[in-house]
Amino acid sequence: MALPTAQPAEVLRAWQKDDLYEKQLAGSLARLVPSHHASKAVPVSSVLYKTFTTLKDLQTLGEEYSGIVQVDDSFHKLPSFMSRLSSILLSAFGENLTRKILNHLGKQVESNAYLKPKAQNFLMVILKSLNNIVPQIETIHRALSYINGGPIQISKTVTGINYVHVRPAAAAYYAHLRLLGIVTLLHAFISCGHSVYQAKKHIDDMADFPNEVDSSKSCVACLEEIVNPCVLQCGHLFCMNCCYGGLETCPLCRTPFTKNTVVPLMNYWPGKMK
């Protein structure tokens, strides 16, 4: 006979307790390590806390407090070792890993000479927008767990882990928790919509930006009046010192260039010709 599925409020209580203990452990670790490594205390404390509980087939302190136990998607047995390990690693490093992947993709797009400037700008803004939305994904998942039940952490859902009660619990309808889930969901959607709006606005601004700069007498790289103008293979103008300095891509359209492709304009001054 299968044990009853854990109620959303019990899962929430367990998560809140465990989150509190992990933060306390992270604070203690941060005081023991050099200041430049203090930021790593949070994921390390999460891994340590769950390693000595979940990975050892034990309840966490929060789960023991709420009387719930982790089970696999069959609701008849404990999750496999690999499922628990994957859940722990995703919980601790999943968000940072996702951001690193998005940043890496952004660098690839930025250095791709085969993409047109408009396509580069569009992809860069989309990747930046996704980077801003990453925290909202966890929020949306948490809101759905308030409404429908299930684990709070998205890492447990991905690895097929759920919860059951191991001691009697009074059946109750948690209307306030469902309401909290709906409000949280609406707030997350509004935040995502705002990020998409900002991305679209940025794309529109980027579409107008090159024309405004080309008609100016200032160098975009150094923000000074252009001295000894040079043109890159993409057609944008800059100072000679900027072109032969640390620039490797055009500051306007991000097209890569080499120093031997820079063309000095000996008899041209910005604003002189239309």
Which residues, taken from the range 103-127, are assigned to a loop (DSSP other than H, G, I, E, B), surrounded by 13 or more Cβ atoms within 10 Å (Cβ to Cβ), without any contact (Cβ under 8 Å) to a residue 40 or more places away in the chain and not hydrophobic (A, V, I, L, M, F, W, C)?
-> Asn112
Among the candidates Cys230, Cys234, residue that is assigned to a strand (DSSP E or B) and either open to solvent by 50 Å² or more (accessible area, probe 1.4 Å) or at pLDDT 75 or above (or both) = Cys230
Subset of the range 64-84 [more than 28 Å from the chain's Cα centre (by Cα) and not hydroxyl-bearing (Ser, Thr, Tyr)] = Glu64, Gly67, Ile68, Val69, Val71, Phe75, His76, Lys77, Leu78
Taking only the range 139-178 into account, find how many residues are open to solvent by 40 Å² or more (accessible area, probe 1.4 Å) and either polar (S, T, N, Q) or modelled with pLDDT of 90 or more (or both).
-> 6
Where Arg99 falls short, out of the listed (1) modelled with pLDDT of 90 or more; (2) in a helix (DSSP H, G or I); (3) not acidic (Asp, Glu) = (1)
Test Leu32 against the criterion of being among the hydrophobic types (A, V, I, L, M, F, W, C) and within 21 Å of His141 (Cβ to Cβ), and give yes or no.
-> no
Contact list, first residue from the range 72-88 and closer than 16 Å to Val166 by Cα, second anywhere and of a type in the set (A, V, I, L, M, F, W, C) and open to solvent by less than 60 Å² (accessible area, probe 1.4 Å), beta-carbon distance below 7 Å, six or more apart or interchain, is Asp72/Ile161; Phe75/Ala2; Phe75/Val164; His76/Ala2; Lys77/Val71; Leu78/Val71; Pro79/Val71; Pro79/Ile161
Looking only at the range 1-48, which residues are touching a residue at least 60 places away in the same chain (Cβ under 8 Å) and either assigned to a helix (DSSP H, G or I) or open to solvent by 60 Å² or more (accessible area, probe 1.4 Å) (or both)?
-> Leu3, Pro4, Thr5, Pro8, Ala9, Glu10, Val11, Leu12, Ala14, Trp15
Tell me, please, whether a residue that is within 30 Å of Val125 (Cα to Cα), in a helix (DSSP H, G or I) and aromatic (Phe, Trp, Tyr) can be found in the range 73-82.
-> no
Would you call Lys116 among the basic types (Lys, Arg) and out of contact with any helix residue (DSSP H, G or I) (no Cβ under 8 Å at 6 or more places or on another chain)?
-> yes
Picking from Lys56, Lys100, which residue would you name as being within 23 Å of Val164 (Cα to Cα), basic (Lys, Arg) and open to solvent by 60 Å² or more (accessible area, probe 1.4 Å)?
-> Lys56
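The values are calculated or read from the model by the stated rules, or taken from the named source; none is laboratory data. Everything numeric in this text was worked out from a predicted model, so none of it was measured. Cβ: placed from backbone, ideal geometry, glycine included. Neighbour counts: every protein chain shown. Ligands, DNA and RNA are stripped out before the accessible areas are found, and what is left, the full protein with its side chains, is counted by its heavy atoms. Shrake-Rupley method; radii C 1.70, N 1.55, O 1.52, S 1.80 Å.
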